[in-house]
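Colleague: Quick one: structure below, then a few questions.
The values are calculated or read from the model by the stated rules, or taken from the named source; none is laboratory data. Everything numeric in this text was worked out from a predicted model, so none of it was measured. Methodologically, a virtual Cβ is constructed for each residue, glycine included, from the backbone with ideal geometry; neighbour enumeration extends over all protein chains shown.
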Amino acid sequence: MSFFQEEFVATSAAVRVRFGAGVRHAVGEEMERAGLSRALILTTPQQAQTGVEFADGLGPLAVGLFSGATMHTPVAISEEATARAIALNADCLVAVGGGSTVGLGKAIALRTDLPQIVVPTTYAGSEATPILGQTEDGRKTTLTSPRVQPEVILYDAELVRSLPVAMTVTSALNAMAHAAEGLYAQNRSPVSTLMAVEGLRAFRDALPRVIASPQDLAARGETLYGAWLCGTVLGQVGMALHHKLCHTLGGSFDLPHAETHSVILPHAIAYNEVAAGRELAPVADIFGGESPGKALHAFAVAMSAPLALRDLGMKEADLDRAAEIATQNPYWNPRPIERDALRRLLQAAWAGEAPAV
Ligand code: NAD
């Protein structure tokens, strides 16, 4: 199948990516290559010990560790960490972790323009995008700026081995959602489509092997490769219904990020396949189902992913309000956003049913 388009615009960020088991030990080398010598290391409280190991490995190249990264990138924490970076006279940030830690690094870079070296430990893909979501006074806002795009990414499969299996599955489906929506993005290019298809294929092949054997380095490496591809797609093209719904459910109903992506993905893709059947055809080819949405649902079932919003704490009584919020602020989607159809989608996702299409 060719992904040729007669017209397109393709923009790629100047990001240096290194891949390989053990490549986390190359942070110092990367700093020296870029003329940097004073790193502030960032982690969540849960991954502080990993941060200490990075500091030990870097020796005098590390000037501090800030282990306060948390979900949703609260502005107060970003300001505290920025003040620390300035006080320590840091000349770069080394973020070790998932989307929350990467988000903190981006928030500091927004305020200081410090270069970022990122060592991802989940598949969320934020490291590959110029997008930053921040929260203040309970409100989440998102911005896109080349200033927040990390300059160097080190993908080390050894670091994702500790990701628990349940989080591995939801994080992988979160990544796959970037690729699936990238397939029908208005500003897609043949290259973003190639990456999306290869990213989905990587997860199809490697995720079952990771679940069977979470320490399998080759399989972990291939899932990280998928995460890089899917994250790069997210950074290059616009997202639609799936991401909008997940932001609504996360922002207004406090549902967990990766799990919500897992539950919604087959339903959002099924909703859109009537309008973007040709663009989504690779999904059914890769996952082998009668339709893209059903194929993704079958894959999620096989991976023992969460399937129902009710299991994530969503109340049935809130589904009407969720449909209202998701229909406000019109945004581009291949199929027009119809409130009643969206309400049915949410009902099926709440109950954990397979998508109807
Ligand atoms: P996360 O970063 O919040 O991590 C969840 C928990 O898992 C944390 O406690 C973390 O310390 C722990 N953890 C991470 N890696 C681990 C590992 N290998 N072993 C053991 N524990 C580990 O989760 P996430 O899903 O990666 O990130 C979600 C956040 O990222 C959300 O806020 C989301 O909005 C954001 N995000 C942003 C973008 C973007 O482009 N801006 C893209 C994707 C996600």
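Colleague: Against the condition among the small types (Gly, Ala, Ser), more than 12 Å from the ligand (Cβ to nearest atom) and under 27 Å from GLY238 (Cβ atoms), how does GLY103 come out, does it pass?
Modeller: Values: among the small types (Gly, Ala, Ser): yes; more than 12 Å from the ligand (Cβ to nearest atom): no; under 27 Å from GLY238 (Cβ atoms): yes.
Against the criterion (among the small types (Gly, Ala, Ser), more than 12 Å from the ligand (Cβ to nearest atom) and under 27 Å from GLY238 (Cβ atoms)), GLY103 does not qualify.
Colleague: Would you be able to say whether some residue in the range 21-28 is closer than 30 Å to THR193 by Cβ, in contact (Cβ under 8 Å) with a residue 12 or more places away in the chain and not acidic (Asp, Glu)? Walk me through it before giving the result.
Modeller: Filtering the range 21-28 for residues closer than 30 Å to THR193 by Cβ gives 21, 23.
Now drop any that are not in contact (Cβ under 8 Å) with a residue 12 or more places away in the chain, which leaves 21, 23.
Filter once more, so that each one left must be not acidic (Asp, Glu): 21, 23.
Yes: one or more hits.
Colleague: How many residues does the range 141-165 contain that are within 8 Å of the ligand (Cβ to nearest atom) and part of a loop (DSSP other than H, G, I, E, B)?
Modeller: Going through the range 141-165 one residue at a time, the tally reaches 4.
Colleague: On the given criteria, is THR129 within 10 Å of the ligand (Cβ to nearest atom) and loosely packed, with under 15 Cβ neighbours inside 10 Å? Reasoning before the result, please.
Modeller: Values: within 10 Å of the ligand (Cβ to nearest atom): yes; loosely packed, with under 15 Cβ neighbours inside 10 Å: no.
Against the criterion (within 10 Å of the ligand (Cβ to nearest atom) and loosely packed, with under 15 Cβ neighbours inside 10 Å), THR129 does not qualify.
Colleague: Now, a different point. Of all the residues that make up the range 166-205, how many are polar (S, T, N, Q) and within 14 Å of the ligand (Cβ to nearest atom)?
Modeller: Applying the first criterion (polar (S, T, N, Q)) to the range 166-205 yields 168, 170-171, 174, 186-187, 189, 192-193.
Okay, now just the ones that are also within 14 Å of the ligand (Cβ to nearest atom), so 168, 170-171, 174.
Qualifying residue count for the region: 4.
Colleague: Select from the range 215-248 the residues that are more than 26 Å from TRP350 (Cα to Cα), surrounded by fewer than 24 Cβ atoms within 10 Å (Cβ to Cβ) and away from the ligand (no atom under 13 Å from the Cβ) and list them in ascending order.
Modeller: Matches in the range 215-248: ASP216, LEU217, ALA218, ALA219, GLY221, GLU222, TYR225.
Colleague: Mind telling me which of the residues ARG84, ARG111 ends up being surrounded by fewer than 24 Cβ atoms within 10 Å (Cβ to Cβ), modelled with pLDDT of 95 or more, touching a Phe, Trp or Tyr at 6+ places or on another chain (Cβ under 7 Å) and assigned to a helix (DSSP H, G or I)? I'd like the intermediate steps shown before the answer.
Modeller: On the way: ARG111 fails: touching a Phe, Trp or Tyr at 6+ places or on another chain (Cβ under 7 Å).
After applying the criteria, what remains is ARG84.
Colleague: Within the range 152-183, track down each residue that is in contact with a helix residue (DSSP H, G or I) (Cβ under 7 Å, 6 or more places away or on another chain) and either at positive phi or among the polar types (S, T, N, Q) (or both).
Modeller: Once the filter is applied, which keeps residues that are in contact with a helix residue (DSSP H, G or I) (Cβ under 7 Å, 6 or more places away or on another chain) and either at positive phi or among the polar types (S, T, N, Q) (or both), the range 152-183 yields THR168, THR170, SER171, ASN174.
Colleague: Conditions first: (1) closer than 21 Å to ARG33 by Cβ; (2) within 14 Å of the ligand (Cβ to nearest atom); (3) without any contact (Cβ under 8 Å) to a residue 60 or more places away in the chain. LEU93 passes all but one, so which condition is the exception?
Modeller: Here LEU93 meets the rest and fails (2).
Colleague: Say we look at the range 326-343 and pick out the residues that are outside any loop (DSSP other than H, G, I, E, B) and in contact with a Phe, Trp or Tyr (Cβ under 9 Å, 6 or more places away or on another chain); which of these is surrounded by the fewest Cβ atoms within 10 Å (Cβ to Cβ)? Please lay out each step first, then the result.
Modeller: Of all residues in the range 326-343, those outside any loop (DSSP other than H, G, I, E, B) come to 326-327, 339-343.
Narrowing the set further to residues that are in contact with a Phe, Trp or Tyr (Cβ under 9 Å, 6 or more places away or on another chain) leaves 341-342.
Values: ALA341: 15, LEU342: 21.
Among those residues, the one meeting the criterion is ALA341.
Colleague: Restricting to the range 110-126, count the residues that are within 12 Å of the ligand (Cβ to nearest atom) and closer than 22 Å to TRP228 by Cβ. Break it down into steps so the answer makes sense when it comes.
Modeller: To start, the set of residues in the range 110-126 that are within 12 Å of the ligand (Cβ to nearest atom) comprises 110, 118-126.
From what's left, closer than 22 Å to TRP228 by Cβ: 118-126.
So the answer is 9.
Colleague: Suppose the filter is crowded, with 24+ Cβ neighbours inside 10 Å and more than 10 Å from the ligand (Cβ to nearest atom); does GLY138 pass it? If you could, list the steps in order and put the result at the bottom.
Modeller: Values: crowded, with 24+ Cβ neighbours inside 10 Å: no; more than 10 Å from the ligand (Cβ to nearest atom): yes.
No; evaluated as a whole, the condition is false for this residue.
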